[in-house]
Amino acid sequence: MFHYLQKANWEKTFDAELSSQSLEEYAQSSKAEHNWMTRILVNKMTEEVSLYDLELAKLILNKKCIVGLFSDLQTSLNRFEMYFERKWKDKAGNNANTCKLKYLKNGINVNSHPLYNKYSKAWSILQKNNDLDMQLYDHVLILLTTRTFL
């Protein structure tokens, strides 16, 4: 998100000041995310979130959501199609494989950035700020390996 918001001048949250900050400075700022996915799922965008909220977010994912990962977009798209029991079509009613292949090849909102050392101070701050989301991600990995739609 840090690298994306440095360049995404089409976004409301674009911030040109980020281009002069380091990742560590961003992580320490109020602009960095704090358990964004957990917050979205439990509808607590400004209040503190807790372990109770994490468990509620997991329950919501279990009962209400089909999960997928951008890191495995092909599998995720196949999973969604299987669940909805149909192939996706574009607005004209044509098979959407061409569109899917384009996104699989090029990605969606792809933004290159350097890799960071997971032992760095910036990583540690971001990990602490997003500890509930990291646990939620681990839960999604479990859902992906245990849930079937057959």
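Taking 22 Å as R0, compute the FRET efficiency from the Cβ-Cβ separation of MET82 and ASN43 and round it to 0.05. Numbers along the way, then the final one.
Values: r = 29 Å, r/R0 = 1.32.
The computed FRET efficiency comes out at 0.15.
Mind listing the long-range amide H neighbours of SER120? Cut-off is under 5 Å, sequence gap 5 or more, other chains count too, H placed in the peptide plane at 1.01 Å from N.
Correct list: empty.
Report the calculated FRET efficiency for GLU25 and SER71 (r = Cβ-Cβ distance, R0 = 30 Å), to the nearest 0.05. Before the final figure, lay out the partial values.
Details: r = 27 Å, r/R0 = 0.89.
That gives a FRET efficiency of 0.65.
Please turn the phi angles of the range 58-65 into ³J(HN,Hα) values with the Karplus equation 6.51 cos²θ - 1.76 cosθ + 1.60 (θ = phi - 60°), one per residue in order, whole Hz, x for glycine and proline.
Using θ = phi - 60°, the values come out as 4, 4, 4, 4, 4, 9, 10, 10 Hz.
Readers should treat all values here as calculations from the given coordinates under stated rules, not as data from a laboratory. Nothing here was measured: the structure is a model prediction, and the numbers come from that model. Quick reminder, even Gly has a Cβ in these numbers, built from the backbone with ideal geometry, and neighbours come from all protein chains shown.
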